[in-house]
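Presented below is the structure to which this report refers.
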Amino acid sequence: MKEKDRRSKNASVTTAKGRGAEARGGGRHEKKRPPFAKSGEFKERAAGQATARAAVPREKAPRVQPESEAPVRVIPRRSGDKPGERVPLILETSGVSGYHLIDSGAGEKLEQYGPYRIVRPEAQALWPRNLPDSVWENADAIFTGDTDEDGMGRWRFPGAVLGETWPMQLLGTDFHGRFTSFRHVGVFPEQLAHWSWVKDQVEASRRPLKVLNLFGYTGVASLIAAKAGAEVTHVDASKKAIGWARENQALARAEKLPIRWICDDAMKFIQREERRGSRYDIILTDPPKFGRGPNGEVWQLFDHLAAMLDICREILSPEARGLVLTAYSIRASFYSIHELMRETMRGRGGRVESGELIIREGGLDGREPGRALSTSLFSRWVPQ
């Protein structure tokens, strides 16, 4: 609630996140990934043990619940064994057709998006740049202005002035890149690791899988899943994001694919699905830190995340393939969401895999493996 605190995805909301006012509805933006892989290949590797941080509880006055908020969900204490675990797991994006990270450093990153080289702020790029300043200064587009995730700014075009949108393609799916006032460009490439996993799951299944994409932003993940053969429900609280997603569907010549585009508060939607007895085989969720739904519904990550995952568990089908949580807005150990996911899925068996999404630098040609840029935390439950 998407570059997660940086993504502006909407959970029950239109996020105030890095996606900013253009945050996706439902609460997020299309809202960061292991060693160098060949073009289009994603590698998984176990990294060294990370240190969990313990939060120090402190007393606070009871919070008055605004009328626009959904009723507080009483989360049951589940019985049974916790799922197995695989930690830490690093999922890497590197050298794919249509995108690669060229260089990073000094608080910025230089990326190749289709035909354009783009410079944007990146707080986690703490090291010096590798490439000369002349390469950076001659990028096609450079974001200037507030360097805060939610900060607004403007784009500077050192050469020819570019239009607001341009055609992009990832994993064989066409969509629009877009220069927004919140530094984002309509896609979070580190998510390619998850999208590739979803695509593989759908294509390997002997039946059409039902996929729920919460905080779906511009719909790239939904289009990839649908093109692979899934029946997709895409939820976002932002009308603007839904409109952009439909534009992407038209660009991808995918109007006949089975996708339901729903502009709604994410929490309210999944609560209704639970009452209806609806079930999904894969659920993708990338909630923002804070957001508001179409009718003023309030989403607060630390207040509502546990309840959201609990409902998602209830609407997973008996033969579910996975529940994926990406957290851009938590600047803490991934163990926090890892343990939450294991408790949520207690008694369901399977395994919980958690760690970080990273993007590997590839140099000017995308083929020179360099440093890894961490972009977000994630936790993923799988049945085996």
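Every number here is computed from the coordinates shown, using simple stated rules; none is lab data. Just so you know, these numbers come straight off a predicted model, no measurement behind them. With ideal geometry, Cβ positions are generated from the backbone for all residues, glycine too; neighbour counts draw on all protein chains shown.
When Cys263, Cys312 are arranged by Cβ crowding within 10 Å, least crowded first, meaning fewest neighbours, the order is Cys263, Cys312. The orientation-averaged projection of the convex hull spanning the C-alpha atoms of the stretch 196-350 amounts to 9.3 square nanometres. When restricted to Cα atoms, the stretch 282-377 yields an Rg and a Dmax of 16.2, 48 Å, respectively. Computed from the C-beta positions of Arg129 and Ser374 and an R0 of 22 Å, the FRET efficiency is 0.80 to the nearest 0.05. In terms of surrounding Cβ atoms within a 10 Å radius of their Cβ, Met168, Met267 rank from fewest to most as Met168, Met267.
All Cα-Cα separations within the stretch 180-246 were binned at 10 Å from zero, giving a P(r) of 22, 50, 23, 4, 0, each value a whole percent of the pairs. Each of the peptides 114-124, 99-109, 282-292 was scored by the mean count of other Cβ atoms within 10 Å over its residues; in descending order, highest first, they stand as 282-292, 99-109, 114-124. Would you give the gap between the C-alpha center of the stretch 101-128 and the C-alpha center of the stretch 306-320, rounded to a whole Å? Value for the Cα centre distance between the two parts: 37 Å.
When the charge dipole of the stretch 168-295 is built from unit charges on Cβ atoms (+1 for Lys and Arg, -1 for Asp and Glu) and taken about the Cα centre, the candidate among Thr285, Ile262, Phe182 whose Cα reaches farthest toward its positive end is Ile262.
Taking θ as phi - 60°, what are the ³J(HN,Hα) couplings along the stretch 112-128 by the Karplus curve (6.51, -1.76, 1.60), each to the nearest whole Hz, with x for Gly and Pro? Each residue's phi maps through the Karplus curve to give 9, 10, x, x, 10, 9, 10, 10, 9, x, 8, 4, 7, 7, 7, 8, x Hz.
Compared with the alpha-carbon gap, the fully stretched path from Asn138 to Ala106 is longer by 9.8 nm at 0.36 nm per residue. If you take the square roots of the eigenvalues of the alpha-carbon gyration tensor of the stretch 90-142 and sort them as a ≥ b ≥ c, do you get rounded (a/c under 1.5), prolate (a/b over b/c) or oblate? Note, shape of the stretch 90-142 comes out oblate.
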